[in-house]
1. Within the bounds of the stretch 211-227, is there any residue that is touching a Ser or Thr at 6+ places or on another chain (Cβ under 7 Å) and either closer than 22 Å to L300 by Cα or crowded, with 23+ Cβ neighbours inside 10 Å (or both)?
2. Kindly indicate which of L275, L233, L206 is surrounded by fewer than 23 Cβ atoms within 10 Å (Cβ to Cβ) and more than 21 Å from A147 (Cα to Cα).
3. Would you check which residues across the stretch 3-24 are modelled with pLDDT of 90 or more and under 27 Å from W62 (Cα atoms) and list them?
4. Return the residue satisfying two criteria in turn: it lies in the stretch 358-379 and is in a loop (DSSP other than H, G, I, E, B) and among the small types (G, A, S), and of such residues it is modelled with the lowest pLDDT.
5. With the requirement that a residue be loosely packed, with under 15 Cβ neighbours inside 10 Å, of a type outside the set (A, V, I, L, M, F, W, C) and in a loop (DSSP other than H, G, I, E, B), what does the stretch 123-148 give you?
6. Here are N175, N81, N120, N68: which of them is among the polar types (S, T, N, Q), part of a helix (DSSP H, G or I) and either over 20 Å from S292 (Cα atoms) or touching a helix residue (DSSP H, G or I) at 6+ places or on another chain (Cβ under 7 Å) (or both)?
7. State all residues of the stretch 286-344 that are aromatic (F, W, Y), surrounded by 16 or more Cβ atoms within 10 Å (Cβ to Cβ), modelled with pLDDT under 80 and under 22 Å from the mean Cα position of the chain (by Cα); if no residue qualifies, say none.
8. Which of the following residues is of a type in the set (D, E, K, R) and under 18 Å from T159 (Cβ atoms): E117, E104?
Amino acid sequence: MIRRGVEEGLRGRPITRDLDWGIPVPLEGWDGKRFYVWFENIIGYFSASVEWAHNSGQPEAWKNWWYNPDAKIYNFLGKDNIPFHTIIWPAELMGISGLYHDEESPLNLPHDVPANEFMNIEGRQFSTSRNWAIWLPDILERYQADAIRYYVAMTFPETHDSDFAWEGFLARVNNELVAAWGNLVNRALNFAWRNFEGQVPQPGELSDSDRKIIARAEAGFDEVGGLLEQVRLRDALQAAMEIVRAANAHLSEREPWIRIREDRDDAASSVYATLRVIDNLKILLAPFLPFSAQQLHDMLGYEGRLFGELEIRDYQEATRSHEALCYNPEGAIGRWSPSELSPGQALREPKALFTRLEPEIVESERGFLGAVREEREIS
């Protein structure tokens, strides 16, 4: 889109409006003129980080993002904002290179500008004034956060406009989160809990299918990770769910609930392999399903948080060495790397990760669209 615009020739566009609010134009005779928001607000990416660093008592910390050659800046936006973020914004950054630092040092330009199309609701455009919208604080009272995250991620308008439909929400939660991922976790953990003294079973010799499903899950770190790096978020989630389906098929094929009557070691091997896969999937799905990933992390017997928090240990050192910018590993064992689940590790009592939804929610939620605000105004 932007290459075509540049090839056709850039044209000037007005950056002011006749307003009584906003940033005044600092020129004589321009009283009443203000910089229009689309032009001045993008500088906020830079100025807000400078202000944050100053207010936090670490005035140089912002340079770790803007002057660090290893930092990569991603600007996520809708397709209507593409020209501002790919022409106007880089030009502004180039115009202030070296600011508060060194005239020879360029500021980092956006590394990637993932621009999505539009997401509608039940076939119509969002309209907050008409209450044709979904309010997160409202639906979080009725549904699990990960259920909402999952459906939105699977419906990302990455390549074309998409539609948030309550019937689709119901179907994906029940058929995919509950019946596929939740079912895999429930079958494997409950079987281990009941039949192997609440521990990860000690495997016998792994079968070819056991080794293959573990290998497939471990290969997911490159596959899913590569898609995440390309900001193909929907594809990344779909790739992880393909491993979920393969693991369900593997467990059904191995039938440890039947094999345990004849060959306990073989049943232990198949359950161990499945738990290894689940432990891998916990990480692969964590960017999309962080709350249930932590819940599963706990049920698998781990202690502490799945992932640490970003911290800058020494802001002054960070201005000289980017090694000071790191993840705090204390209490966090999650890494983007294959499972090291140990045989004999004590599990915690399994609980369902996700709640099955009733069909009645579809018409109920549709009834909230458009009507609630009008009722409030009437009342």
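1. There is at least one residue in the stretch 211-227 that is touching a Ser or Thr at 6+ places or on another chain (Cβ under 7 Å) and either closer than 22 Å to L300 by Cα or crowded, with 23+ Cβ neighbours inside 10 Å (or both).
2. Going through L275, L233, L206 in turn, just one is surrounded by fewer than 23 Cβ atoms within 10 Å (Cβ to Cβ) and more than 21 Å from A147 (Cα to Cα): L206.
3. P24
4. My answer is S379.
5. G123, Q125, T128, S129, R130, E141, R142
6. Details: N175 fails: either over 20 Å from S292 (Cα atoms) or touching a helix residue (DSSP H, G or I) at 6+ places or on another chain (Cβ under 7 Å) (or both); N120 fails: part of a helix (DSSP H, G or I); N68 fails: part of a helix (DSSP H, G or I).
Only one candidate qualifies: N81.
7. We begin by selecting, within the stretch 286-344, every residue aromatic (F, W, Y); these are 288, 291, 302, 307, 315, 327, 336.
With surrounded by 16 or more Cβ atoms within 10 Å (Cβ to Cβ) added as a condition, the list becomes 288, 302, 307, 315.
Filter once more, keeping what is modelled with pLDDT under 80: 307, 315.
Passing the criteria: only F307.
8. Criteria check complete, one pass: E117.
The values are calculated or read from the model by the stated rules, or taken from the named source; none is laboratory data. Fair warning: this is a prediction, and the values are worked out from it, not measured in the lab. Cβ: placed from backbone, ideal geometry, glycine included. Neighbour counts: every protein chain shown.
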